[in-house]
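The values are calculated or read from the model by the stated rules, or taken from the named source; none is laboratory data. Since the structure is predicted, the reported quantities are computational estimates derived from the model, not experimental observations. Ideal geometry is used to build each Cβ from the backbone, glycine not excepted, and the neighbour counts take in all protein chains shown. Please note that ligands, DNA and RNA were not included when accessible areas were found on the heavy atoms of the full protein model with its side chains. Shrake-Rupley method; radii C 1.70, N 1.55, O 1.52, S 1.80 Å.
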Amino acid sequence: MSVRIQSVNISVCLLVAFLAASCGTSTNFVAKYEPWRAESERACLAAGVVRESPFIRTRSALGGPSVCGAERPFEMSAADNGRVAMRPAALLRCPMINPVDDWVRRSVIPAARHYFNADLVSIKVAASYGCRPMNHVSGAKLSEHGHANALDVSGFELSNGRTISVTRGWGGRPDERDFLRVVHQGACQRFTTVLGPNYDSNHHDHFHMDLARRGGTRKVCR
């Protein structure tokens, strides 16, 4: 079943089927009911693999039409047991938390030490939850960001004061290029979709990572 949410600019929100257009917000995307989303989130929550802490907190809601958001979203302000800040904090669904943490801990931190002889202090979050169409194109499919199932990262801050940005580093100094390609490939091992500067102009300044399902085990790593 597909539903198109059109722009609204009225004082009272109207509920249509299982979608609702948020008051005072312009939205225009196509959303399809996909049972796996609720199933995967509930399984993650039931397994108890994500626990609240000073840097991982539950949120009651994320706002936006009812198709957007998650049943029990989390606000993740740091990874690696609080040692690596996420600025600003990311709003994510349960299945995203551990892959993000594992990527930071097992891919980004070792790469920072190898290429720059420095520790990773923080990552720059370009986007997490956002109830919007893909690539902000009106009428497109609802983005994985709308399901709190995606994270965009645009840069990395190191303990020596150096900042490695995807924009400048992807085609920059050799150590920056190598570092960014290593962490990009590390993300591909943990997420079903990873898009970077080589994909298109919309991703020239960040890495996009999500856990979308396309049938089978097919992944996109570009």
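As a test of the formula, what do you get for the chain when each DSSP H run with n ≥ 4 contributes -39,500 (n - 2.57) and the sum is divided by the residue count, at 222 nm and rounded to the nearest 500 deg cm²/dmol?
The helix-only estimate for the chain comes to -6500 deg cm²/dmol at 222 nm.
In sequence order, what are the phi-derived ³J(HN,Hα) couplings for segment 167-173 according to the Karplus relation 6.51 cos²θ - 1.76 cosθ + 1.60 with θ = phi - 60°, rounded to whole Hz, with x for glycine and proline?
4, 7, x, 4, x, x, 4
How much area per residue is accessible in the chain when the probe is 1.4 Å and only protein heavy atoms are counted (Å²)?
Spelled out: the 1.4 Å probe surface of the chain, per residue, equals 49 Å².
Can you give the angle from 0 to 90° between the axis of helix 35-47 and the longest principal axis of the chain, with both taken from C-alpha atoms, to the nearest 10?
Result, in degrees: 60.
What's the FRET efficiency of residue 72 with residue 175 using the Cβ-Cβ distance as r and R₀ = 41 Å, to the nearest 0.05?
0.50
If the viscosity is 1.002 mPa s and the temperature 20 °C, what translational diffusion coefficient in µm²/s does Stokes-Einstein give for segment 155-209 when Rh comes from Kirkwood over Cα pairs?
Stokes-Einstein gives a translational diffusion coefficient of 187 µm²/s.
Can you return the aspartates and glutamates within cross-link range of residue 124? Criterion is Cα-Cα under 17 Å, with same-chain partners fewer than 8 residues away left out.
Those aspartates and glutamates meeting the cut-off are 75, 80, 101, 102, 152, 157, 176, 205, 210.
Return the carbon/sulfur percentage of the accessible area of the chain, one whole number, probe 1.4 Å, all protein chains in place. Numbers along the way, then the final one.
Working: 5320 of 10850 Å².
Roughly 49 percent of what the probe reaches on the chain is carbon or sulfur.
For segment 110-222, count all C-alpha to C-alpha pairs, find those more than 22 Å apart, and express that count as a whole percent of the total. Could you put the intermediate results ahead of the total?
Values: 2082 of 6328 pairs.
Considering segment 110-222, 33 percent of its Cα-Cα pairs are separated by more than 22 Å.
Within the chain, which is the longest segment that contains none of the GluC sites (Glu not before Pro) sitting in a DSSP loop with at most 15 other Cβ atoms within 10 Å?
Working: sites that count: 52, 71.
It works out to 72-222.
Which value in nm describes the separation of the simple spin-label points at residue 189 and residue 106, placed 7 Å from the Cα toward the beta carbon?
0.6 nm
Magnitude of the Cβ-charge dipole of segment 36-75, K/R +1 and D/E -1, about the Cα centre, nearest 20 debye?
60 debye
Near residue 141, which lysines are there with a Cα under 19 Å away, not counting those fewer than 8 places off in the same chain?
In chain and number order, the partners are 32, 219.
Mind checking the dipole of the chain: about its Cα centre, +1 per Lys or Arg Cβ, -1 per Asp or Glu Cβ, Debye to the nearest 20?
With Lys and Arg at +1 and Asp and Glu at -1, about 280 debye.
Looking at the chain from every direction and averaging, what is the projected area of its Cα convex hull in nm²? If you can, show how the numbers build up before the last one.
Numbers: hull surface 50.3 nm².
With every direction weighted equally, the projected area is 12.6 nm².
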